[in-house]
Amino acid sequence: MNKRGFRVLGMLSFLFTILLMSSFAGAFYEANWGSTKDMIKQDQKDILVAETDEFLAYIGTLFDKQIQKVYLFTEEGLDSILYTFTEVPEELKDYIYNYQDVNKELEAILGKPLFADESWGDERFKNLPELALALGDLRYSTVWIKDDVITHIVYANDLNIYHVIFINPFDDILGEDNLSSKIEP
């Protein structure tokens, strides 16, 4: 193959990668803030498992991992999305590996995070992070701000380990006073 052929092949490969990433990002952001429950239901391919006035809960997969996806609503419509990873790993350290794997997937879609933290409440088990995690002495969290605020966390509470992604509209971090109107250059 000549140089031109390699360039064309390289360009096609690049465009294909961009299309895949943008279609996947579109799958990750399935709804518009303020959407009604009926609008969300209409677009869902996952299995509805619970519904109230305040939420819709589905089971499905994300990054080849089982999840429960919960859409939270206010009177104004869709307010937040919560992904909870539901698979229970065979070993405690797998919670940390799963968190790291999902973080890599999110980074591939969202780019470099704004913030990443490894928070220790008690460092006595620093050489056994999986035990510290299970005891609630360690929490990993990563935050991205794009059009939305995406928070990815693994933590424990009452000896239960939770691995979640929480998505809020960016406007939510400005507060109810709508601080954006008060910010001046």
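From the list 36, 86, 74, 61, which one is touching a Gly at 6+ places or on another chain (Cβ under 7 Å), surrounded by fewer than 17 Cβ atoms within 10 Å (Cβ to Cβ) and either in contact (Cβ under 8 Å) with a residue 12 or more places away in the chain or polar (S, T, N, Q) (or both)?
Every option except 36 fails the conditions.
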**Study point:** Enumeration of residues in region 139-153 that are free of Cβ contacts under 8 Å to residues at least 40 places away in the same chain, in a strand (DSSP E or B) and more than 9 Å from residue 116 (Cβ to Cβ)
**Key:** 139, 144, 145, 149, 151, 153
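Any read-out appearing in this document is the output of simple, stated calculations on the displayed coordinates, not a laboratory observation. Treat the numbers as computed from the prediction; the structure is a model and nothing was measured. Cβ coordinates were reconstructed from backbone atoms using ideal geometry, including for glycine residues, and neighbour counts include every protein chain displayed.
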